[in-house]
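Following: one structure in structure tokens, then a few remarks.
The values are calculated or read from the model by the stated rules, or taken from the named source; none is laboratory data. This is a predicted model, so every value here is computed, not measured. A quick note on method: Cβ atoms are made from the backbone with ideal geometry, for glycine too, and the neighbour counts reach across all protein chains shown. Calculation scope for accessible area: heavy atoms of the full protein, side chains included, ligands and nucleic acids excluded. Shrake-Rupley method; radii C 1.70, N 1.55, O 1.52, S 1.80 Å.
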Amino acid sequence: MSAQIKLVTEGEYRHTLAGPAEKLLMLTRRPPETDECAAAVHALESTIDDYLDALHKLQAVDDAERDYEAKIHEEAVAAVEDGRQPKAAKRPDFEDGRLKLGATRDALLAKAQRARAALDRQIDADSEAQGLKDGAAVPGLYEEAVGAVRAARAAFERLLAARDRAIDQLAGNPNYIVRNLPWHGPAAEAFEAAEAWITANEACFLDLTIDVREITPSLTVRRHMATAGQMDELYAIELREGFRITQHAKGHTPALIPSYYH
């Protein structure tokens, strides 16, 4: 089975009991869809495949040695029973094979570690461009999703209305029994909640990112203010922004009528 990249959570990565090669294949974020990242992924997976092949061959040496020793034992038992000397059997150089394959395994693991480091660097290099590209598609997909939610809600209502009309027409008809339908309230509420949520959070989709390089004061300064307890001043800054950028002081109760609120 070929080695493949696996996406895991931070917690899964920290607490995994996986071996070194398997852990090298674990990523906590999806690689950007660039040719460079694809090549780095392929290089890592190929090296891990070679490493696993070396492990398999190393295990095969151990298995062969056990088989050899078992055959020597069987021959000795047979020779005693036959009253003869055991037949000579040349012992392969298992230790030499084990030493060479072990060195190959270690070299391949080191190569895989370098390949993983190269992949991490490529992910860092390509993530911003990929994120901005994906983000540019979000507004259009948002409008599409809103339309789909509303269409689904309308279709559900038409479905129920058509069923009710059919029931009215068939009422009293001895040839048909209408199947019972469980209360539809939870489904209707789910459609309503979905539409309410997606429209209430419109800004999160249409104005996806904030360029922190243009924020004044900077994120670093804001964190320092929060740590230093300058919450009244920080509250005033964040309140003017509608808490759209940072929320360090959100929920803070400021002193009454401080001059810098105006």
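Here Gly242 fulfils each of the conditions (1) open to solvent by 60 Å² or more (accessible area, probe 1.4 Å); (2) more than 28 Å from the chain's Cα centre (by Cα); (3) at pLDDT below 95 apart from (1).
Among the residues of segment 10-37, which ones are open to solvent by less than 60 Å² (accessible area, probe 1.4 Å), within 15 Å of Ser127 (Cα to Cα) and out of contact with any Cys (no Cβ under 8 Å at 6 or more places or on another chain)? Show your work before the answer.
Applying the first criterion (open to solvent by less than 60 Å² (accessible area, probe 1.4 Å)) to segment 10-37 yields 11, 16, 18-19, 21, 24-27, 31-32, 34, 37.
With within 15 Å of Ser127 (Cα to Cα) added as a condition, the list becomes 27, 31-32, 34, 37.
Result: Leu27, Pro32, Thr34, Cys37.
For Ala148, indicate whether it is within 25 Å of the chain's Cα centre (by Cα), of a type in the set (Gly, Ala, Ser), modelled with pLDDT of 95 or more and at negative phi.
Numbers: within 25 Å of the chain's Cα centre (by Cα): no; of a type in the set (Gly, Ala, Ser): yes; modelled with pLDDT of 95 or more: yes; at negative phi: yes.
No; evaluated as a whole, the condition is false for this residue.
Starting from residues that are surrounded by 11 or more Cβ atoms within 10 Å (Cβ to Cβ) and of a type in the set (Gly, Ala, Ser), keep the ones in segment 57-77 and report whichever is nearest to Ala103 (Cα to Cα). Ranking the candidates gives Ala60 first. Return the residue satisfying two criteria in turn: it lies in segment 104-113 and is surrounded by 13 or more Cβ atoms within 10 Å (Cβ to Cβ) and over 12 Å from Glu45 (Cα atoms), and of such residues it is farthest from the chain's Cα centre (by Cα). Among those that are surrounded by 13 or more Cβ atoms within 10 Å (Cβ to Cβ) and over 12 Å from Glu45 (Cα atoms), it is Thr104. Picking from residues in segment 207-225 that are out of contact with any helix residue (DSSP H, G or I) (no Cβ under 6 Å at 6 or more places or on another chain) and assigned to a helix (DSSP H, G or I), the one that is most open to solvent (accessible area, probe 1.4 Å) is Arg213.
Selection within segment 78-94: residues that are touching a helix residue (DSSP H, G or I) at 6+ places or on another chain (Cβ under 9 Å) and open to solvent by 60 Å² or more (accessible area, probe 1.4 Å). The member of this set that is nearest to Leu7 (Cα to Cα) is Pro92. With respect to (1) open to solvent by 60 Å² or more (accessible area, probe 1.4 Å); (2) modelled with pLDDT of 95 or more; (3) more than 30 Å from Pro31 (Cβ to Cβ), the lone exception for Gly172 is condition (2). Taking first residues from segment 150-170 that are of a type outside the set (D, E, K, R) and partners that are open to solvent by less than 100 Å² (accessible area, probe 1.4 Å), the Cβ contacts under 8 Å between residues at least 6 apart in sequence or on separate chains come to Ala152/Phe191; Phe156/Ala187; Phe156/Ala188; Phe156/Phe191; Leu160/His184; Ala166/Val178; Ile167/Val178; Leu170/Val178. Give Ala151, Ala188, Ala161 a once-over and let me know the one that is of a type outside the set (S, T, N, Q) and surrounded by 13 or more Cβ atoms within 10 Å (Cβ to Cβ). Testing whether each residue is of a type outside the set (S, T, N, Q) and surrounded by 13 or more Cβ atoms within 10 Å (Cβ to Cβ) leaves just Ala188.
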